[in-house]
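The values are calculated or read from the model by the stated rules, or taken from the named source; none is laboratory data. Remember, predicted model here, so these are calculated numbers, not experimental data. Quick reminder, even Gly has a Cβ in these numbers, built from the backbone with ideal geometry, and neighbours come from all protein chains shown. Keep in mind that these areas ignore ligands, DNA and RNA; they rest on the heavy atoms of the full protein, side chains included. Shrake-Rupley method; radii C 1.70, N 1.55, O 1.52, S 1.80 Å.
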Amino acid sequence: MSSTQSLPGFNVLFDAIATDLREHGYSIQNKALPEEWIDGLLRDMRMLGADQLKLAGVGRAQQHVANANIRRDAISWIESTEGEQGQWLAFSAQLQQHLNRSLMLGLFSFESHFAHYAPGAFYKTHVDAFKGQANRVLSVVLYLNPVWGFGDGGEMVLYSDTDPGTVLRTVSPHAGTLVVFLSEDFPHEVLPALRDRYSIAGWYRVNTSNTGRVDPPA
């Protein structure tokens with residue numbers, strides 16, 4: 001499916017996300033996407049070879065390096081416009097249009113990748129964009145794990161930016177849960193997973209291109 005193809009039936013969800021972002025800066029939606037989409041995305045991810053999943057890094061451009069003391073997930077960028085990956089990109093494009101209309105965010109582009117946390121993997125507390133220094137506006141996480149128990153770890157912890165150390169929400173990575181939040185405003189971490197944990201992480205960007213630099217991508 002092309003990422004420009006229309007997907008009916010998501011207006012209520014999009015309205016709920018827009019309202020949450022306006023009021024709280026983040027939105028957590030359970031069972032946001034059809035089960036068959038989640039199943040297909042999980043299948044695609046599990047079929048990725050070792051050469052397609054790369055150890056994720058930290059930092060931007062020349063400062064981008066792998067650092068196992070900060071994060072230990074492996075990623076593969078989503079570029080296919082076919083099947084469930086195409087449906088995911090089409091969904092993300094329509095959410096972008098809806099949020100631009102309702103919140104006037106000026107979102108220009110979207111990128112996302114599969115993320116695999118092997119047992120013991122984690123991502124320490126960080127922000128996805130430093131205030132005034134990056135073009136990431138909204139962060140998106142979609143979880144793909146069909147069965148996830150209380151003792152399996154791997155939760156995402158969302159912290160307050162104005163009251164350091166205060167936990168706003170702890171999100172278990174159950175299949176179909178969609179999290180959207182302002183990239184600059186919410187420090188967050190992924191607690192160590194005790195078994196294989198699968199998700200998609202993505203970012204909406206604004207366009208900060210100029211005559212000497214094209215941005216995005218990072």
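So, in the stretch 67-89, of the ones that are modelled with pLDDT of 90 or more, assigned to a loop (DSSP other than H, G, I, E, B) and in contact with a His (Cβ under 8 Å, 6 or more places away or on another chain), which residue ends up farthest from Glu35 (Cα to Cα)?
Asp73
For the stretch 65-95, which residues satisfy the criterion of being out of contact with any strand residue (DSSP E or B) (no Cβ under 9 Å at 6 or more places or on another chain) and either farther than 26 Å from Val12 by Cβ or of a type in the set (A, V, I, L, M, F, W, C) (or both)?
Glu79, Ser80, Glu82, Ala90, Phe91
Per-residue answers, yes or no, for (1) part of a loop (DSSP other than H, G, I, E, B); (2) at pLDDT below 95:
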site	(1), (2)
Gln133	yes, yes
Leu142	no, no
Val147	yes, yes
Gly151	no, yes
Val157	no, no
Asp161	yes, yes
Pro164	yes, yes
Leu168	no, no
Gly176	yes, no
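Give me the residue from the stretch 96-112 that is aliphatic (A, V, I, L, M) and under 18 Å from Glu23 (Cβ atoms) and, out of that set, least open to solvent (accessible area, probe 1.4 Å).
At the first step, the residues of the stretch 96-112 found to be aliphatic (A, V, I, L, M) are 99, 103-105, 107.
So of that shortlist, the ones also under 18 Å from Glu23 (Cβ atoms) come out as 99, 103-105.
Working: Leu99: 0, Leu103: 41, Met104: 163, Leu105: 50 Å².
Filtering the stretch 96-112 for residues that are aliphatic (A, V, I, L, M) and under 18 Å from Glu23 (Cβ atoms), the one least open to solvent (accessible area, probe 1.4 Å) comes out as Leu99.
With the checklist (1) out of contact with any Asp or Glu (no Cβ under 8 Å at 6 or more places or on another chain); (2) under 12 Å from Arg197 (Cβ atoms) in hand, flag the one item Met104 doesn't pass.
The one condition Met104 does not meet is (2).
So, of the residues in the stretch 178-218 that are more than 12 Å from Arg136 (Cβ to Cβ) and of a type in the set (Ser, Thr, Tyr), which turns out to be modelled with the lowest pLDDT?
Thr211
Looking only at residues in the stretch 113-128 that are part of a loop (DSSP other than H, G, I, E, B) and surrounded by 13 or more Cβ atoms within 10 Å (Cβ to Cβ), which one is nearest to the chain's Cα centre (by Cα)?
Applying the filter and picking the extreme gives Asp128.
Counting only residues that are under 14 Å from Phe114 (Cα atoms) and open to solvent by 40 Å² or more (accessible area, probe 1.4 Å), how many does the stretch 170-201 have?
1
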